[in-house]
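Novice: Structure incoming, see below.
Readers should treat all values here as calculations from the given coordinates under stated rules, not as data from a laboratory. Predicted model only: the values in this text are computed from it and were never measured. Neighbour counts are summed over all protein chains in view; Cβ atoms, including those assigned to glycine, are modelled from backbone coordinates with ideal geometry.
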Amino acid sequence: DCKTDRERSELEQIKHKNCSVPYCGPWQRQGDEYWYRWSLYIPEGHQNIFRTKLAYGQFHQFRIKPMGGCPPAFMFQEYGGGYWLNIQPTILGYDDNYRLLEVDKFVGKWNDIVVHARWSGGNDGWFSVWVNGDPKVDYHGKTMACQGVASSNIDVYFKYGVYRSFMSRSSKSKTVTTIAYYDGVVRSKSRDGMFDPLPE
């Protein structure tokens, strides 16, 4: 990534045991419906390095046939401050952004994120987001897309951690370390427990 003006420390959704190729994983396919949950903490003293792009999670895509990468569908980013959902141009043809948390609520506090998604290349998809139990986004429409690829040939998978891209846009990116803590990362077929407080 350093050669392409990027840095990352991310974990991604696991594949099946003994899986030697990406598309045999328990990733999301056309028509799948899932709930997702994670808790995120950005420590006090955090420095925003915008205009370097800083993402803390993404629903990425993978082309099965022919095998290869596709752009992300949804990203959770910082921009000029706070926590935002970005619906990527691959889905809508343009960027659409929703502020999930203001700066003063994003840094120095644990925040619980819940997503309910139906993965579809048609208009019967949805992507809803709650933050600390409050509804923030209720998007309906296409939730997966890769130019020139049928939705039946796309996998979607979740990645989380720190992803910094376009490092050269900010001189701070050379000296500032970005730290994020995660807890309670879950995918489920059921809403049950998604909004329960995490154990102390």
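Novice: How big is the C-alpha Rg of region 98-140 next to the rule-of-thumb value 2.2 N^0.38 Å, as a ratio?
Specialist: 1.35
Novice: Using helices alone, I'd like the mean residue ellipticity at 222 nm for the chain: each DSSP H run of four-plus residues gives -39500 (n - 2.57), total over residue count, nearest 500. Walk me through the numbers on the way to the answer.
Specialist: On the way: 2 runs with 8 residues, N = 200.
It lands at -500 deg cm²/dmol.
Novice: Using Cα pairs closer than 8 Å and at least 6 residues apart in sequence, work out the relative contact order for the chain, in percent. Could the numbers behind the result be given before it?
Specialist: Working: 468 pairs, mean separation 64.8, N = 200.
About 32 percent, as a whole number.
Novice: Over region 77-149, what per residue volume does the convex hull of the Cα atoms give, in whole Å³? Write down the numbers at each step before the final one.
Specialist: Values: hull volume 6.4 nm³, N = 73.
Dividing the Cα hull volume of region 77-149 by its residues yields 87 Å³.
Novice: Please work out the Cα convex hull volume for region 102-195 and give it in Å³ per residue.
Specialist: Considering the Cα atoms of region 102-195, their hull volume per residue is 155 Å³.
Novice: Tell me, what is a quarter of the convex hull surface for the C-alpha atoms of region 27-88, in nm² with one decimal?
Specialist: For region 27-88, the mean projected area of the Cα convex hull comes to 5.7 nm².
Novice: Taking the alpha-carbon set of region 141-192, what are its Rg and Dmax in Å?
Specialist: Rg, Dmax (Cα atoms, Å): 17.2, 45.
Novice: So what's region 19-147 giving for Rg/Rh, alpha carbon basis, Kirkwood Rh from the mean inverse pair distance?
Specialist: Rounded to two decimals, Rg/Rh equals 0.98.
Novice: Tell me the label-point distance for the pair Asp134, Trp110, using the 7 Å Cα-to-Cβ offset, in nm and rounded to one decimal.
Specialist: 1.9
Novice: Let me ask something additional. Among the listed pairs Lys3/Lys105; Lys105/Lys159; Lys53/Lys189; Lys105/Lys172; Lys65/Lys136; Lys136/Lys174, which are separated by more than 26 Å between their Cα atoms?
Specialist: Beyond 26 Å between Cα atoms: Lys3/Lys105; Lys53/Lys189; Lys65/Lys136; Lys136/Lys174.
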